[in-house]
Amino acid sequence: MSIKLFDSELKVMDVLWKEGGMTAKKISDLLKEEIGWNMNTTYTVIKKCIAKGAIERSEPNFMCRALISKQEVQAAEAEELVGKLFDGSPNLLFASLLGSGKISGEQIEKLRQMIDEMK
Amino acid sequence: MGLLHRSMTGAVLILAVFLLRALALRRLPKVTFWVLWMVAAVRLLFPFSIPSRLSLYNLFPFSAPSRLSLYKLVAKAVQDGTLEHDIAGSVQLDGMAWWAVQKGDFLRSTALKTVYFAGCALLGAYFLASYFSWWKKFRVALPTQHTGVGQWAGKQKRAGLFVRVLDQIKSPLTYGIFRPVILLPKAMDWEDGETLTYILDHEYAHIRHGDALAKVIFAVALCMHWFNPAVWVMYFLANRDMELYCDETVVRMGGQGAREKYALALLRMEEWKKQPFSMYSHFSGNALKERIVAIMKIRKKSVLGVVFAVGLVAGTTMLFATSAFAGDAKKEEGSKGGSGTVMISATPTPAPGEEVPPERIGGETPENDTGSFDQKWDEAWDKMVNGEASMVFVDENGNPDESGEHQYVKIVDQDGNVLLFARYTSMGDGIAEIGEVPADHNAEEDHFVDKPDGAGKSDENHPKTQEKETVTENGQ
């Protein structure tokens, strides 16, 4: 999966991921409310997503449906991050996360559990 | 003032500002240059003319032309017939306008006009296209929840300040004239609160100074004067000076040590790109060195500095942006109505109530001929020069001729009396010949000698032609 999405496109995807499929009009109303984009702006971004294969459009009513899931995007981005900055080694990424002190004790526990379950 | 005239005057003014900047950039408050560049842009854009005794152009020998050169001036204007109105409308008693009239041929050539307008259109299209393509990117910026930004916005006096984040830019910028928005690049160090504050202060300074609108003004001036290299210089330097002015504003807002901290903050962002033809204000890299040096030399605001700066601006404007003052003249612009009306005054026009000496020449119509043509011409000319009469291009019936194909001219005094109704022709070497229209003249029988575009019959043996003296011989 090598769809590269800009922040603006991720924002639109986010709406679909949270609320499921909906019409373009509804998306634009929502985003107008939330971040002040006008209708044209939102439609432009939606069309970009369609062009990139992230959204599927169906008639009637310009119905939008996400073609990729949030998990897929997360995995792809994480993989790219590991490849780009951590020399392909996830360990280094973990080390960086742990060392930054931004992970709470609770989260570390959860991580440990996840590792155990994988074994 | 015609376009070429404005362009030349503008160039002189720009040169003056350039020299001033080269000498004293560090020592003057940067707002000085912001204002001076604005004066230059306004000078380039607007056709008004401010004659002044203090104008530098008074120094030029041709600034207060002799009677003979006045003749030449109008003779040329008459001969050309199809004058550009902006030039005809500004035939003035200064050498520059004279030059502009002579060079009017330059602009009248269709080929050159086409080139000029093509240049304007191209450059204008470039700016519009570039502005539009950036604006499309800016639209999709997202608001930010960053606490530092929120705190900063809360402190500003202006409500509804928009700060957004965009992942498609590399350096911060401000856009929008009516609803300004500050855009921050996603890839910046959000933890560095100090730098963040400086960036926001700088961009906000752009908003407070009205730089978005200023940039548009400079761009329009550049489009209209694209052929003038001085205007390109102005465009680049004006944009730079807007940045320097914002830097100065930020540093002055801060307290002790703000200078050093701000300079370091700029250096921290040095990898960000420069976009020379951008319509948006942004941190720029190439001019970075100039900015750092300028920042390190910013002085405290002082009354003396402000006074000095104001004096400089006023002085430069008075010297360079004005036009020559002819003698004791009260100058009048050519009237805007009617094609080719040229009003020239060299002495004060009579005050209201004061009577215009009623000496009229030869009666109201050519039927009442009492003097020879040359005498009439001289006297009518005198009246014109004194502001008591004006010359109008007309058709063969004496009605104002808007078509641009003048062959006749009427000299009319302030009361509307026709002092002289004459037909003019031109000879190949550019000297107008004026002859009186006989009372019984029949337009179809008119004979002309070598009209510029070859129209009209040519008859060198026509008696009227032979007995005419050329206009330039009638003068002092």
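The values are calculated or read from the model by the stated rules, or taken from the named source; none is laboratory data. Remember, predicted model here, so these are calculated numbers, not experimental data. Every residue, glycine as well, gets a Cβ built from its backbone with ideal geometry; the counts of neighbours run over all protein chains shown. Please note that ligands, DNA and RNA were not included when accessible areas were found on the heavy atoms of the full protein model with its side chains. Shrake-Rupley method; radii C 1.70, N 1.55, O 1.52, S 1.80 Å.
Computed quantities for the displayed model
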read-out	value
Identity of the residue in region A:43-59, under 12 Å from B:V140 (Cβ atoms) and open to solvent by less than 20 Å² (accessible area, probe 1.4 Å), that ends up nearest to the other protein chains (Cβ to nearest Cβ)	A:V45
Unique match (being within 20 Å of B:A187 (Cβ to Cβ), free of Cβ contacts under 8 Å to residues at least 60 places away in the same chain, within 12 Å of another protein chain (Cβ to nearest Cβ) and open to solvent by 50 Å² or more (accessible area, probe 1.4 Å)) among A:S100, A:S8	A:S100
Residues located in region A:12-42, provided they are within 11 Å of chain B (Cβ to nearest Cβ), assigned to a helix (DSSP H, G or I) and of a type outside the set (D, E, K, R)	A:V12, A:L31, A:I35, A:N40, A:T41, A:T42
Unique residue being aliphatic (A, V, I, L, M), farther than 22 Å from B:L288 by Cβ and more than 14 Å from chain A (Cβ to nearest Cβ) when the list is B:A238, B:A214, B:A221	B:A221
Within region B:141-169, tally of residues that are surrounded by 13 or more Cβ atoms within 10 Å (Cβ to Cβ), more than 14 Å from chain A (Cβ to nearest Cβ) and under 39 Å from the mean Cα position of the chain (by Cα)	1
Among residues of region B:287-301, those that are in a helix (DSSP H, G or I) and either open to solvent by 100 Å² or more (accessible area, probe 1.4 Å) or touching a helix residue (DSSP H, G or I) at 6+ places or on another chain (Cβ under 8 Å) (or both), counted	8
Any chance B:A121 is farther than 26 Å from B:M253 by Cα, open to solvent by less than 70 Å² (accessible area, probe 1.4 Å) and under 33 Å from the mean Cα position of the chain (by Cα)	yes
Residues (touching a residue at least 24 places away in the same chain (Cβ under 8 Å), outside any helix (DSSP H, G or I) and open to solvent by 70 Å² or more (accessible area, probe 1.4 Å)) located in region A:64-78	A:R65
Failed condition for B:I177, given (1) loosely packed, with under 15 Cβ neighbours inside 10 Å; (2) of a type in the set (A, V, I, L, M, F, W, C); (3) out of contact with any Leu (no Cβ under 9 Å at 6 or more places or on another chain)	(3)
Region A:79-94 residues that are within 15 Å of A:L111 (Cα to Cα), paired with ones that are among the aliphatic types (A, V, I, L, M) and open to solvent by 100 Å² or more (accessible area, probe 1.4 Å) (beta carbon under 9 Å, 6 or more apart)	A:L93/A:L85
Pair list, Cβ < 7 Å and 6+ apart or interchain, from region A:36-60 residues that are under 21 Å from A:Q71 (Cβ atoms) to residues that are among the β-branched types (V, I, T) and assigned to a helix (DSSP H, G or I)	A:C49/A:V12; A:I55/A:I46
